[in-house]
1. Using a basic spin-label model with each label point 7 Å from the Cα along Cα→Cβ, how many nm lie between A982 and E67?
2. So how far apart, in nm, are the two label points at Q996 and H134 if each is 7 Å from Cα heading toward Cβ?
3. Show me the chymotrypsin sites (Phe, Trp or Tyr not before Pro) within the range 444-511 that DSSP assigns to loop and that have at most 14 other Cβ atoms within 10 Å of their Cβ.
4. Over the chain, what is the percentage of antiparallel beta bridges among all DSSP beta bridges, to the nearest 5?
5. Quote to one decimal, in nm, the extra length available between N386 and K340 on full extension: 0.36 nm per residue of separation minus the C-alpha distance between them.
6. Taking a label point 7 Å from the Cα of D272 along the Cα→Cβ vector, which residues of the range 227-252 have an amide N closer than 16 Å to it?
7. Whole-Hz Karplus ³J(HN,Hα) for the range 28-34, in order, using 6.51 cos²θ - 1.76 cosθ + 1.60 and θ = phi - 60°, x for Gly and Pro?
8. Within the range 515-619, what percent of beta bridges assigned by DSSP are antiparallel, to the nearest 5?
Amino acid sequence: MHFQQTESTGPAADAQPKGFTQKSSSLPFGQDLPLEEISGPTYLTAQALVQQVAYTLSDKIFAYSAEGFDLDVAVKSWQENGGKNALGYQTGVQSLETRNGAGSIALGYMFSKDFDLKKRHIPHAIVASSATLHYLRTALDQLALLYSVANPLTAHIAAVDYTADSAIGLVSDYVTSLTIAEDLGLGLVCSPSVFEAQHMALFATLLSSILPTIHTYDGISVGRETARLVDTLDQSRLYNSYQAVLKAVSEVDKKHSDNAGRVVRLLQAFNDELGEDYRLFDYYGHEEPESVLVVFGTVEASLAAQVSNALAKDGDKVGVINVRVYRPFVEEAFLEVLPKSTKIVAVLGQVKDEAAVFDAAESSRLYSDVFATIQFAFDHDDIEVNDIKYSREQVWTPSNILDVFQQIYGEKTQAEVRSYVDILNTADVKQYTFWELDESPAADAPVVLGKLLSSDSAKNVFVRTGHDNLVRGGTVRTDIRNADYTIEAPYSVEQADVTFVGDESLLKEFDILNSVKADSSMIVKLPGVKDEDIEKKLSPALRKALVGKDVELFVFDPTLSESVSQDPSLEALLVQLAFLKIAREDLLTSSLAKLAAINGDREGLEKLVGELETALREIECPVAWSTPEEEVEPIQLPSDINVNSFSAYDRTESEPPTFLRDWKTAAKGFAFKEAYGSEAALRPDLGIKTAIVRVKERRRLTPPDYDRNIFHIEFDLGTSGLTYAIGEALGIHAENDAAEVEEFIKWYGLNPDEIVEVPSRDDPDVLVNRTVYQSLIQHIDIFGRPPKRFYEALAEFADDPDEKRKLLAVISPEGATEFKRRAEVDTITFADLLLEYPSAHPSFHDIVRIINPMKRREYSIASSQHVTPNSVSLLIVTVNWVDPKGRDRFGQATRYLNSLKIGSPVTVSVKPSVMKLPPKTTAPIIMAGLGTGLAPFRAFVQERAYQKQQGHEIGEVLLYMGSRHQREEYLYGEEWEAYQDAGIITLLGRAFSRDQPQKIYIQDRMRQSLSDIRRAYLQKEGSFYLCGPTWPVPDVTEVLQEAVEVEHRAKSVRAGEEKPKKLDSRREIETLKDEGRYVLEVY
């Protein structure tokens, strides 16, 4: 793809529709790439180069690309447009699903009866990610056994997989390729950079003439980064080089009986043909190193080589061996490049996960080969070989590669320890970073700017984009590097000269200033914000960092542009102009025509040039920002996104599957289950095991005339089979009030007997069949509090423009106070809103879609099943209030429980909790419960009584309880006193805050018995538990810190220390938390 130095960026520019859009991040600048334009100096991605080699040299390509990975987007486009391979015909491209049996179709094609044997010598290719290799294993195993009569096969594997076990999402996966290549005897070649991707794809294809070969490369960043390549082989040169190398080795290979010898000869012929000096193992670093790091992988090889060269330049005796060809592993070639001065070899080997990293019994695949090679070498057996394992989740940067080097060779003095190594000369390389929400009309603006900068043939431009679809509904980060020469920087920009932030919310999600260069510029989009309000929009820590780094701050306000106000899509153009104004003002005049051609909108760009001065303004950062009035905590946010997608979040909502309209449709589903995909089940709720229990007892514990209704409720387990452990919670699957539901059905005009599909309350992805009445009783939270998104959804149904305007006004920034009043004072429900705005009348099937399912309410269990094997108890306080209209309001679950009669059935489930007794019965327990927070401690005390009855020795039991009045709220008081008389409870600290003039709280009772807490908690290594509201946590924690400090001083005195060592009691409490001896369950 040649970029011309005229007013046009190429022939494709004139044909582009108005507005720039990216097709795929795997293509250069996201744009379609004609096959014939891949030649000479041009901008490409490694993904595109790999596909070019596969398409040019292959008879068939079998593509296994996960949705959004776009590993085959180029080859499919070339085939659809009639592109021919080097043999003169269209390469067959089959896009297949990744599943069991993958690869079978390739075997079937090769060995079918009607296969043209004249094509037996023509290679076939697989294009896939490492996630597919597991499913291809069986087919590759069979192919390896039949390879002497099969076509040459190269599997081009992007080293990327998706993991749900961490927040990272997408991971670089080489360990799967390493494992399968070793287990099945396949060849394995790795591209160490985008500049070698085409050559290594070609070499892997040549190697497939000897044995089935995997060619792997980074699939997350390097594989998708747009970069300038100086001497790209076109189809003709690719094919000629392929044929020339095969011819050069055809006679010599007959003399070699092993694959190792053949691959050495193949690489020599390859170098001779292309004029390169590739090796099976490449060495970088000091000429006489003492420590050598062995690496495999694209980013790993690139960064390790550059860091080692930087360290060696400073005199550090370190080096790196990059494994270019892992299989066959030619031991002689490895020992040949290993310097004679080496004393320590460290292998940077990838393993599957963090568990494998810390498993001493597991070593990396690469380590096993290197260790065996060195151990069996006659003149290298005194070298120490270490395995430095890392998981697939590891994201490499120069800094953590430096950490690896420091780990293996150390530093001579503390003064020499470096925390950063810069492999780029930032004076010659300009770096720009764009942070944006992917739904923004300007999300593609940085790619356009990258394409504009690439039109300067004297520069080398690099553009990389990553998506984090788990932050703010979709965040995209784009980095641009503009250099005077070719560079390798396979990591995020760490010192940006200009940073653009497209939404202020991103400043609260990421430490963006961490990747900003000192004395640089930052543009922040703040629509409609006045100068005097800027300070309120920026956190004190951010303001302090801005001044500390001497960053020039610019505010970008597109609302001040008349053109953007009329056409919001023009914001992308305005962003581009704003960036050029700050970063490259010279291009604002000299390259506007090129910019207009790329965007396909000359008219819009011309309008915006005159409005730029209004929309972009500089903000002075006063020195006072560097010294805020209050102490400011440093910014503790991630400094980069987690790349978990290669494309923007798809916000297209499919039609909700609520297709049932009457009982006849439901009957068809039961009669023809296979056709309708229906299933009959008692409770098809996934992940939650429910049971039906019945009310055995319900008694009020507070006086009838007291303003708080706290009651004890006990359920008979019957034959439900329900079991529970100490400290667990019971989930109550409450129901809406029947009278209110009937009233709503009548008012809204619903048919209570109509059959509908609704999401299960325990798993929204599971649909269940219910009548409208059942749905409103058991599933739809019609009397719950609506969030902002409900106002927005309801507005779409409003026929009355005035009602629509009012609904949207509530969720606007100006309506924040009104929304808060509705939610917290008026306690408006979904039903109330439907009544208030009658023109917004969604159908019941739409109600199911826009109102959340009811959630179960969990309560701490107040009984031990050892003591009451056939029942379970709860301690409940009724939640009720009167709204401004004088209506009695109740909490859904407590109202439901309070209305139950003896014998009523209730659906329940059990949920684990952090409240667990210590493993040893002799360990003391200290419990602090406020109000209904005493519930789990009743279970604790019952269990300790049971343990003592069974003959076990039990530790001290200290119970602190708090409430307002003893006469009204001495919950389970008689039980506590009986347990104290029986010697189970050793200390009962009762705090009734309002029974005396001065208020006494639970922390006061704890402080009065500090010596008891010290003995039980610290000397006898007991455990502390707090259950109830959050407000006493700081005060209670302070008492425990006092106990820690007093105990520390006492120990020092007993030890005869004149001056006790300083103790951080707060850190000691954190240690106790980590040990499970400080447990909170607060709400």
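1. Here the modelled spin labels are 5.9 nm apart.
2. 6.4
3. Numbers: sites: F462, Y485, Y491, F500, F510; in loops: Y485, Y491, F510.
Passing sites in the range 444-511 are Y485.
4. On the way: 74 of 152 bridges.
Just about 50 percent of them are antiparallel.
5. Details: separation 46, 0.36 × 46 = 16.56 nm, distance 1.76 nm.
Net length gain for the segment: 14.8 nm.
6. 241-252
7. Using θ = phi - 60°, the values come out as x, 6, x, 9, 4, 10, x Hz.
8. Numbers: 4 of 9 bridges.
Here the antiparallel bridges make up roughly 45 percent for the range 515-619.
The values are calculated or read from the model by the stated rules, or taken from the named source; none is laboratory data. As the structure is a computational prediction, the values presented were derived from the model and not from experiment. As a convention, Cβ positions derive from the backbone with ideal geometry for all residues, glycine included, and neighbour counts pool all protein chains shown. The accessibility values were calculated without ligands, DNA or RNA, using every heavy atom of the protein model including side chains. Shrake-Rupley method; radii C 1.70, N 1.55, O 1.52, S 1.80 Å.
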